[in-house]
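Q: For reference, the structure I am asking about is given below.
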Amino acid sequence: MDSFNNIKAIFKREIKSYFQAPVAYVFMVVFLVLIGFLTFSVTRFYERQTADLQPFFFWLPWVFLLLVPAGTMGLWAEERRAHTIELLLTMPITMFEAIMGKFLAAWSFIVISIILTFPIVITTSYLGNPDLGAVAAGYVGAILLAGAYVSVGILTSSMTRSQVISFVLSLVFCLLFVLAGWDPVTGAFSKWAPKLAELIASFSFITHFESIQRGVIDLRDVIYYISVMAFMIAATHVVLNNRKSA
Amino acid sequence: MLEVKNVCKNFGDIQAVRGVSFEVKKGEVLGFLGPNGAGKTTTMRMITGFLPPTSGTATICGYDITTNPVEAKKQIGYLPENAPAYDSMTVSDFLGFIAEIRGFSGQEKKDRIDATLQKCRLDKVRNQTFGTLSKGYRQRTCFAQAILHNPPVLIMDEPTDGLDPNQKHVVRQMIKEMASEKVIIVSTHILEEVESVCTRAIIISNGTIVANGTPDDLKKKSSTGRLDDVFRMLTLDKEDKANG
């Protein structure tokens, strides 16, 4: 119960700090404009003549590359820069509670952004009859995908006191996780080492996201995302425990 | 009440703190003196559980900071160096956050915040964000955070640093008011402060304790009977002495 209250207190502060600063709104608006533009214009949504959200889910992992690192870069880097980490970590809480509070807050912030894409669903439903089961599964997949990105972001944020470095690092790490399952990359590998290509692809954010999009939430995909988050959170724990000063 | 047992801290090859031990009892105000880089802040960070010691430990009201950190931290109020707090939060929101994390809720939380705001004379700025406050108010806000839960142990790293003489006086007054019922450790560069508030002083140099006694005891160590001469005598390296 204590643990829950501690996580809740940190969660509350983080969420508030997102919405007290104009930066959060800016990133949300940029995200929504960008995903709308890519979905409707770039993929020629209206000319496809199929009412589904495939283009939307196709672009999501790429747009997350910008949105999520921006949302997570400050989580620890700012605490370290402003030395508030010294206050936070001398409070009667465990390191795990501090990390979880921040992680859940950043994840919720991204989930709110994802939910705000609902007009795309409405548009599609107005134009035709999309398979709402597949749409719902896609959204569940998107939320899990966002969790994995956020966990990478919280790790890179703990490694530096510069938000810019944290942003760049998490973008690069997430990009690697995306590219590992991107067809042009896996295609190049599969010609001479099909088993290796399959192995690399199985570590990718995209491969598991695509499999959920088909409308079936496979337990293996869920376990994959949860393992990524658990691993990144554990790594953050190690990094913060080994820091030398603020 | 507070016992530090042979704590050491190495940063790579550098030995920042090399075996510091001392005890502080309720009612004592311990002055923690030493030149910059002597290991004062590192020692305080180990006592408060911010940095894990390389070896040794500290017990706070019977709780070991290395094996039972959460219980130990509950006993401590800590004012870190340079009084950090979240720039975008208002003073009362900030204290609200601290109160929640210290386990207060509902009416008790409200009462605690109000009482602390009053005690630290922060009523006027309670709805101002921390980033807009002057140095004196920042220091007091962070001080408020440290005493909000009325801790039996209060640890302050240079609490009067950068304050004007009036503000310094207020902080010292508050320390004196609380002294009888708490264990207080104050680190400082200002030797007059030691004479005015501390019941005992420890001088630390190069990561080890070089003197431990009441301000009057320490003064006797020098022929001039002045604390700054004692301080210089104990903390200057031999080389520095040769160069004057």
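Q: In µm²/s, what is D for region A:160-246 at 20 °C and 1.002 mPa s, where D = kT/(6 pi eta Rh) by Stokes-Einstein and Rh is the Kirkwood radius from Cα pairs?
A: Diffusion coefficient, whole number: 144 µm²/s.
Q: Just to confirm my numbers, what's the Cα centroid distance between region A:53-95 and region A:22-48 in Å?
A: 21
Q: Which of the peptides B:215-226, B:64-75 is most tightly packed, and how do the rest follow, going by the mean number of other Cβ atoms within 10 Å of each residue?
A: So the peptides B:215-226, B:64-75, ranked by packing, come out B:64-75, B:215-226.
Q: Express in whole angstrom the spacing between the alpha-carbon centres of region B:181-220 and region B:1-69.
A: So the two Cα centres are separated by 15 Å.
Q: Just the ratio, please: alpha-carbon radius of gyration of region A:93-151 over 2.2 N^0.38 Å, N its number of residues.
A: Here the answer is 1.45, to two decimals.
Q: Can you give me the angle between helix A:219-241 and the longest principal axis of chain A, using Cα atoms only, in degrees from 0 to 90, rounded to the nearest 10?
A: Result, in degrees: 30.
Q: Report, as an integer, the average count of C-beta atoms from other chains found within 10 Å of each Cβ along B:91-97.
A: If you average over the peptide's residues, the count of other-chain Cβ atoms is 3.
Q: Helix A:132-158 against the longest principal axis of chain A: what's the angle in degrees, Cα atoms only, rounded to the nearest 10?
A: 30
Q: Rounded to whole Å and ordered largest first, report the semi-axes of the equivalent ellipsoid of chain B derived from its Cα gyration tensor (root of 5λ).
A: Working from the Cα gyration tensor, I get semi-axes of 31, 21, 17 Å.
Q: Sticking with this one: Using only DSSP helix segments of four residues or longer, with each worth -39500 (n - 2.57), what per-residue ellipticity at 222 nm results for the protein assembly as shown after dividing by its residue count and rounding to 500?
A: One gets -18500 deg cm²/dmol as the mean residue ellipticity at 222 nm.
Q: Moving to a separate point now. Taking the dipole about the Cα centre of region B:145-188, with the C-beta of Lys and Arg at +1 and of Asp and Glu at -1, give me whichever of B:Val171, B:Thr188, B:Pro159 is farthest to the positive side.
A: Farthest towards the positive pole: B:Val171.
Q: Sticking with this structure for a sec: Before anything else, pin down the relative contact order of chain A: Cα pairs under 8 Å, at least 6 apart, normalised by residue count, whole percent.
A: Dividing the mean separation by the residue count of chain A yields 26 percent.
Q: Going highest first, how would you order B:42-54, B:109-121, A:119-131 by mean Cβ packing within 10 Å?
A: B:42-54, B:109-121, A:119-131
Q: Can you sort A:Leu171, B:Leu154 by how many other beta carbons sit within 10 Å, fewest first?
A: Sorted ascending by nearby Cβ count, the order is A:Leu171, B:Leu154.
Q: Related question: Please tell me which of these pairs span more than 24 angstrom C-alpha to C-alpha: B:Lys40/B:Lys219; B:Lys5/B:Lys25; B:Lys109/B:Lys135; B:Lys5/B:Lys221?
A: B:Lys109/B:Lys135; B:Lys5/B:Lys221, as the Cα separations exceed 24 Å there.
Q: Another question, if that's okay. Please compute the contact order of chain B in relative form: average sequence separation of alpha-carbon pairs under 8 Å and at least six residues apart, divided by the residue count, as a percent. Present the calculation step by step, with values, prior to reporting the outcome.
A: Working: 440 pairs, mean separation 63.2, N = 244.
Relative contact order, chain B: 26 percent.
Q: Keeping to pairs on different chains or 8 or more places apart, tell me how many lysine pairs in region A:2-245 have Cα atoms under 25 Å apart.
A: The result is 5.
Q: Mind checking B:99-105 for the average number of partner chain beta-carbons within 10 Å of each residue's beta-carbon?
A: Average per residue, whole number: 5.
Q: Still on this structure, I have one more. What is the dipole size for chain B, taken about its Cα centre, with +1 at each Lys and Arg Cβ and -1 at each Asp and Glu Cβ, in debye to the nearest 20?
A: It works out to roughly 240 debye.
Q: A follow-up question, please. Using a 10 angstrom cutoff on alpha carbons, build the Gaussian network for chain A and name the most mobile of A:Ser113, A:Ser157, A:Ser170.
A: Evaluated over chain A, the most mobile residue of the options is A:Ser113.
Q: Using only Cα atoms, tell me the angle between helix B:165-178 and the longest principal axis of chain B; keep it within 0 to 90° and round to the nearest 10.
A: 80
Q: Let me ask something else. Mind checking which of A:Val216, A:Thr186, B:Ile101 is farthest towards the positive end of the protein assembly as shown's charge dipole, using Cβ charges of +1 (Lys, Arg) and -1 (Asp, Glu) about the Cα centre?
A: B:Ile101
Q: Any idea what log10 I(q)/I(0) is at q = 0.09, 0.13 Å⁻¹ for the protein assembly as shown, Debye with uniform C-alpha scatterers and no solvent?
A: Log10 I(q)/I(0), no solvent term: -0.71, -1.16.
Q: Sticking with this structure for a sec: Per residue, what volume in Å³ does the Cα convex hull of region A:1-155 take up?
A: Output value, Cα hull per residue: 110 Å³.
Bear in mind these aren't lab numbers, they're just calculated from the coordinates by the rules spelled out. Quantities reported herein were computed from a predicted structural model and do not represent experimental measurements. Note that each Cβ is placed from the backbone with ideal geometry, even for glycine, and that neighbours are counted across all protein chains shown.
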